[in-house]
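*Asks:* For reference, the structure I am asking about is given below.
The values are calculated or read from the model by the stated rules, or taken from the named source; none is laboratory data. All figures in this text were calculated on a predicted structure; none of them were measured in a lab. Positions of Cβ are backbone-derived with ideal geometry, glycine not excepted, and every protein chain shown enters the neighbour counts.
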Amino acid sequence: MFRFFLEIIRILICMAIFLVVTGPVVTLFFPEQAPGEGIFLAHAALFLILLIYYRNRLQQSSWFPSKHNHPLSRMATALLSFSAAICFFAAIYMTYLQ
């Protein structure tokens, strides 16, 4: 049970570091606007990329060993990567091309 909480803390720390690093980058490319006009989609795309990276790489070296810890399938990885790309390009479209 203790390892489970350590893994949850690890996920939260990874997400916090990821947002601290990518937040200024996203706001550099997507200036302050009305909420929901592109910046949300850019953050969603980055979150999907973090999800893929965590599930395929970081979870394999977790503190919570289990027989069920396996990477995402190639199809799931490709689908999530495609979804992240669509979100990112939609954010660019909504911000600059509309």
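*Asks:* Six or more apart or on different chains, Cβ atoms under 6 Å: show the pairs whose first residue is in the stretch 1-27 and closer than 26 Å to His68 by Cβ and whose second is at pLDDT 80 or above.
*Replies:* Phe18/Leu50
*Asks:* State all residues of the stretch 55-98 that are more than 30 Å from Phe2 (Cβ to Cβ), modelled with pLDDT of 80 or more and outside any helix (DSSP H, G or I); if no residue qualifies, say none.
*Replies:* Result: Ser73, single match.
*Asks:* Further question: Restrict the check to the stretch 10-24 and report whether at least one residue is at pLDDT 80 or above and either touching a Pro at 6+ places or on another chain (Cβ under 9 Å) or assigned to a loop (DSSP other than H, G, I, E, B) (or both).
*Replies:* The answer is no, given that none of the residues of the stretch 10-24 is at pLDDT 80 or above and either touching a Pro at 6+ places or on another chain (Cβ under 9 Å) or assigned to a loop (DSSP other than H, G, I, E, B) (or both).
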